[in-house]
Amino acid sequence: MKYTFYFSLFLLIFSAKSIAQPVNRATYEKMLEAAQTSMEKFDYYNALDWYEQAYDDKKDKDIAYKIGKLNLQLRDYVQAEKWLGKVTRIRKNPNPDSRFYLARAMKQNGKYNESVEEFQQFITETTNDSLKKIASLELEGSKLGLKLPDNELIVVSNAGNSVNTQFADFGATMANMNEMFYSSFQRDDYITIDGKEGNYHSRILSASKTGENWSKGEDLGKEINREGFHTCNPTVSADGKRMYFNRSTLLGNDLKEAEIYVSEKGPEGWTPPLKVKGVNGNYIAKQPCIGDLFGKEVLYFSSNMEGGKGGFDIYYATRKEDGSFELPVNLGSTINTSGDEVTPFYRDGKLYFSTNGLPSIGGFDIYNSLWNSVSWSKPTNLGKGFNSPADDLYFSTDQSGEIGLLVSNRLNKQNKNIKSKTCCDDIYQFKVEKPVIDLTVSTFEKGNKELKGSTVSLIKIINDKPTKSESKPTAGNKATFKLEPDRYYMIITSKDGYNPDTMTVNTTNTKKNSAIEKKVTLRPARKKQTEEEDIVVETNQTIRLNNIYYDYDDDKILPDAEEDLNYLDTLMKKYPDMVIELSSHTDARGIDDYNLKLSQRRAESAKRYLISKGIKDARIKAVGYGETVLLNDCKNGVKCSDAEHRLNRRTEFKILSGPTTITIKKIEKKKKGQTTDDSKKDKGGPHIGNVGDSAMPIKKTQPLMTFDKKMIDFGSLKKGEKRNNVYNFKNTGDEPIEIDIVTACECTKVDWSRGKILPGESGKITADFDSKEKDESETITITIVLKNTDKKMGYPIIEEVKFKYELIK
């Protein structure tokens, strides 16, 4: 489906005959003949003039239809709608396709609702399958025009009369934020080909910018702008030392030939251009653009070479060391369509281009596509502002991506075109303002009650890594931040005595000023409910030794088990006539007989430890029960969690003879929701019967930071004074610690020990506080986010240290 409305360079070329009409009026037949001859020469304005004269003579609807189509082709959308409306509304319309062109004229006049109705009616009535397919695409574009919001962050303005003329000005590209190269005819009158026209060809100029105003364009000279050729479409390398451009010829108002040339800039200016090797051929190669692909420099350009997807496609060619290029490669069906893809521009992994083969809100719309190192993404319409109901082309930006140029024939009060208000291209400048994105985090506790005195940390994530961070205490129960567009953030909210909470905010595709509100509900931290009380134990009452455990498939006593065994040794010596059964149990996993033998070996191992402490062999009966005495239903064949199996892996003792009762210390654990570390901090006391939700604690697997101090008091200080301090810590857990990021207020610069800190090793957090922006006394929280995650909750482990000061006014 080739779909081309000629936009080329929009030359307004008139023959001498059209200027000096004969005294005797031509006959109707002669006028039609002259119009047809002009059409064959691609002399559209003279053809339009002859058709209008012929219509005045006979009011023929076929002539009105041709006039309407010619006006649309010459981008006089108002006149096109007028003439095509005349034809479409008559009862017996000899040109049923006129409704399609009328709908398109309405669309390019920005009348999206009306164009939707006309396109829908045309699609319903037409028998022209190829035009029906195009109409469906146009209908989608009209609906897009209704759907897309105005972009309040894009400021587009005419670049001014210093660079724009009443004729066509096009092919603009940013060299840097204050310089452009562009193409222009530098005329404010008609071009008449009569042998006296002189050098009427387009040429390349440069202009510089001071403030918001562009200087008058400066011709690059005869080395670049060769007489007899239209020189246009410049693109300049990042270092400003190479320029690629087109030398072209026209046939009437249509592009006949276009080849790509290159010139290098030396001490005395631009060198004589050379035809680029590798990209030119028996086809049109236009609108070059320097870019990257697969880590190499390439030249993107638009071409109608054979084998493409439609009319003009975008190709790339890889630059060789000698400056020539490899054979051009089509960018494929993700980018190229059955229509035309033109004016490519590449910046930082994104390809920008104009197309009429994708849904557009006008004629040619600007799209972009992102390269992900393997393929191009589905193209995205840049939306209103960049695009208009007219043609929008030649998008380019400076390095920041926030300032740029585009070329358009859009309706604008500043336009002073030689023909219709939308006939000719002008250069426009644009500025992309960053959206203002306000984040408010509100903190609550259970029952939707406001929670004051929290600390909120905002961490910017780039490439999955934390970077800049900012921490604020809540004012009341709220903390506010300014966010950047196209960023990913982590929010950490914390307060003493409460579990911290994490959430994320993504500002990708936020194109307008926005206010984001996040509500956080913090839950009280589980307290360690450890209490000691005297318990009377009777004969044959089972006493569980909570801290005796073994490595997998091993019976050696581990160091952490010694605490409970030492306690039992104390009891045995306190009651010298006491005889006990020391028993060991396994869970049901594994072979029954093996588990029985393993538990016996473990009981014997514990017995040998007590004997080594001076307890006589006869006072201890070691018994291994294997999996025969389970505390739950996790027997063979029953699927259970590891926590349920763990309940059965235990070591116990009971009094066989001697005292009928003894008094021991019971250390009661919290029965529900206890973490692994709670049991490790129970000071080694045994547990009576089936106490707690774990018969045997797990060895520490959570990292643990122990600080020498967590609060520093700077005392009194005057505004503007600085303080610094160091928070030393030790890894007292059983796995390496690695700090991901440390956050504080903007008033405090922080640093920390990098890399992994092994168990037993030490590290530090440094904090340099500057009070120059402070007006009152305050307590500042420093939030430490580990790369380690909480095994149960899944979020990063967070620690906090603080400092406070009293500001003297």
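Which condition number does Phe42 fail, the rest of (1) more than 16 Å from Tyr101 (Cβ to Cβ); (2) assigned to a helix (DSSP H, G or I) being met?
Of (1) more than 16 Å from Tyr101 (Cβ to Cβ); (2) assigned to a helix (DSSP H, G or I), only one is false for Phe42: (2).
Under 7 Å between Cβ atoms, which residue pairs at least 6 apart in sequence (or on different chains) link something in segment 472-494 that is at positive phi and free of Cβ contacts under 8 Å to residues at least 60 places away in the same chain with a partner that is open to solvent by less than 40 Å² (accessible area, probe 1.4 Å) and not aromatic (Phe, Trp, Tyr)?
Asp486/Thr507
Quick check on Ser115: is it out of contact with any Phe, Trp or Tyr (no Cβ under 9 Å at 6 or more places or on another chain) and either polar (S, T, N, Q) or open to solvent by 30 Å² or more (accessible area, probe 1.4 Å) (or both)? Before you say what the answer is, go through the steps one by one.
Working: out of contact with any Phe, Trp or Tyr (no Cβ under 9 Å at 6 or more places or on another chain): yes; either polar (S, T, N, Q) or open to solvent by 30 Å² or more (accessible area, probe 1.4 Å) (or both): yes.
Answer is yes for this residue.
Got a sec? Which of Phe301, Phe294, Phe325 is among the aromatic types (Phe, Trp, Tyr) and within 15 Å of Ser237 (Cα to Cα)?
Numbers: Phe294 fails: within 15 Å of Ser237 (Cα to Cα); Phe325 fails: within 15 Å of Ser237 (Cα to Cα).
Exactly one residue qualifies, and that residue is Phe301.
Would you point out which residue out of Thr586, Thr502, Thr510, Thr521 is among the hydroxyl-bearing types (Ser, Thr, Tyr), open to solvent by less than 80 Å² (accessible area, probe 1.4 Å) and either in contact with a helix residue (DSSP H, G or I) (Cβ under 9 Å, 6 or more places away or on another chain) or at pLDDT below 70 (or both)?
Numbers: Thr502 fails: either in contact with a helix residue (DSSP H, G or I) (Cβ under 9 Å, 6 or more places away or on another chain) or at pLDDT below 70 (or both); Thr510 fails: either in contact with a helix residue (DSSP H, G or I) (Cβ under 9 Å, 6 or more places away or on another chain) or at pLDDT below 70 (or both); Thr521 fails: either in contact with a helix residue (DSSP H, G or I) (Cβ under 9 Å, 6 or more places away or on another chain) or at pLDDT below 70 (or both).
None of the other options fit; the residue is Thr586.
Which of the following residues is part of a helix (DSSP H, G or I) and either β-branched (Val, Ile, Thr) or within 23 Å of Gly310 (Cα to Cα) (or both): Leu137, Leu146? Spell out how you get there, then give the answer.
Values: Leu146 fails: either β-branched (Val, Ile, Thr) or within 23 Å of Gly310 (Cα to Cα) (or both).
Being part of a helix (DSSP H, G or I) and either β-branched (Val, Ile, Thr) or within 23 Å of Gly310 (Cα to Cα) (or both) holds for just one of Leu137, Leu146, which is Leu137.
What are the residues in segment 734-746 that are under 19 Å from Asn724 (Cβ atoms) and either of a type in the set (A, V, I, L, M) or surrounded by 15 or more Cβ atoms within 10 Å (Cβ to Cβ) (or both), if any? Explain how you work it out, then say what you get.
If we filter segment 734-746 for residues that are under 19 Å from Asn724 (Cβ atoms), which is where we start, we get 739, 742-746.
Across segment 734-746, the qualifying residues are Ile739, Val742, Thr743, Ala744, Cys745.
Restricting the search to segment 91-141, which residues are of a type in the set (A, V, I, L, M) and without any contact (Cβ under 8 Å) to a residue 60 or more places away in the chain? I'd like the intermediate steps shown before the answer.
Residues of segment 91-141 that are of a type in the set (A, V, I, L, M), as a first pass: 102-103, 105-106, 116, 123, 131, 134-135, 137, 139.
Scanning segment 91-141 gives Leu102, Ala103, Ala105, Met106, Val116, Ile123, Leu131, Ala135, Leu139.
Quick one: which strands (runs of 3 or more DSSP E) sit completely within segment 402-477 and have at least 3 residues that are polar (S, T, N, Q) and surrounded by 13 or more Cβ atoms within 10 Å (Cβ to Cβ)?
Working: elements: 403-408, 426-432, 437-445, 455-462, 465-473.
So the answer is 437-445.
For segment 558-655, which helices (runs of 4 or more DSSP H) that fit wholly inside it have 3 or more residues that are under 16 Å from Ile543 (Cβ atoms)? Can you show your working first?
Details: elements: 562-574, 592-612, 642-646.
Filter on segment 558-655 gives 562-574, 592-612.
Check segment 357-370 and report whether any residue there is at negative phi and modelled with pLDDT under 95.
Going residue by residue through segment 357-370, those that are at negative phi are 357-370.
Imposing the further condition that a residue be modelled with pLDDT under 95 reduces the set to 370.
For segment 357-370, residues at negative phi and modelled with pLDDT under 95: present.
Among the residues of segment 767-809, write down those that are over 30 Å from Arg523 (Cα atoms), in contact (Cβ under 8 Å) with a residue 40 or more places away in the chain and open to solvent by 30 Å² or more (accessible area, probe 1.4 Å).
Matches in segment 767-809: Asp768, Asp770, Lys772, Lys774, Asp775, Glu806, Ile808, Lys809.
Quick one: Gly763 ticks every box in (1) open to solvent by 60 Å² or more (accessible area, probe 1.4 Å); (2) more than 30 Å from the chain's Cα centre (by Cα); (3) within 23 Å of Thr467 (Cβ to Cβ) except a single one, so which number is it?
For Gly763, the failing item is (1).
Looking at Ile427, Ile459, Ile437, can you tell me which residue is among the aliphatic types (A, V, I, L, M), in contact (Cβ under 8 Å) with a residue 12 or more places away in the chain and farther than 30 Å from Ile798 by Cβ? Break it down into steps so the answer makes sense when it comes.
Values: Ile459 fails: farther than 30 Å from Ile798 by Cβ; Ile437 fails: farther than 30 Å from Ile798 by Cβ.
Result: Ile427 is the single residue among Ile427, Ile459, Ile437 that is among the aliphatic types (A, V, I, L, M), in contact (Cβ under 8 Å) with a residue 12 or more places away in the chain and farther than 30 Å from Ile798 by Cβ.
Restricting attention to segment 593-640, which residues are within 12 Å of Thr651 (Cβ to Cβ) and basic (Lys, Arg)?
Arg602, Lys607
Please give the number of the condition Asn636 fails out of (1) open to solvent by 20 Å² or more (accessible area, probe 1.4 Å); (2) closer than 19 Å to Arg544 by Cβ; (3) in contact (Cβ under 8 Å) with a residue 24 or more places away in the chain.
That leaves (2) as the condition not met.
How many residues does segment 60-81 hold that are free of Cβ contacts under 8 Å to residues at least 12 places away in the same chain and either small (Gly, Ala, Ser) or not in a loop (DSSP other than H, G, I, E, B) (or both)?
Within segment 60-81, the subset free of Cβ contacts under 8 Å to residues at least 12 places away in the same chain is 60.
Filter once more, so that each one left must be either small (Gly, Ala, Ser) or not in a loop (DSSP other than H, G, I, E, B) (or both): none.
Residues that pass the stated criteria total 0.
Cβ contacts < 6 Å: first residue under 22 Å from Ser375 (Cβ atoms) and at pLDDT below 95, restricted to segment 310-326; second residue surrounded by fewer than 23 Cβ atoms within 10 Å (Cβ to Cβ) and basic (Lys, Arg), any location; separation 6+ or different chain. Result?
Gly310/Lys2
Glu806: assigned to a strand (DSSP E or B) and of a type outside the set (Val, Ile, Thr), yes or no?
Yes; evaluated as a whole, the condition is true for this residue.
For the condition open to solvent by less than 40 Å² (accessible area, probe 1.4 Å) and out of contact with any Asp or Glu (no Cβ under 6 Å at 6 or more places or on another chain), what is the one hit in Phe395, Phe364? Walk me through how you get there before you give the answer.
On the way: Phe364 fails: out of contact with any Asp or Glu (no Cβ under 6 Å at 6 or more places or on another chain).
Phe395 is the lone residue from the list that is open to solvent by less than 40 Å² (accessible area, probe 1.4 Å) and out of contact with any Asp or Glu (no Cβ under 6 Å at 6 or more places or on another chain).
State whether one or more residues within segment 563-572 are at pLDDT below 85, under 24 Å from Thr660 (Cα atoms) and among the hydroxyl-bearing types (Ser, Thr, Tyr).
yes
The values are calculated or read from the model by the stated rules, or taken from the named source; none is laboratory data. Since the model is a prediction, treat every value here as computed from it, not as a measurement. Cβ coordinates were reconstructed from backbone atoms using ideal geometry, including for glycine residues, and neighbour counts include every protein chain displayed. Quick note on the areas: whole protein, heavy atoms, side chains included, nothing else; ligands and nucleic acids left out. Shrake-Rupley method; radii C 1.70, N 1.55, O 1.52, S 1.80 Å.
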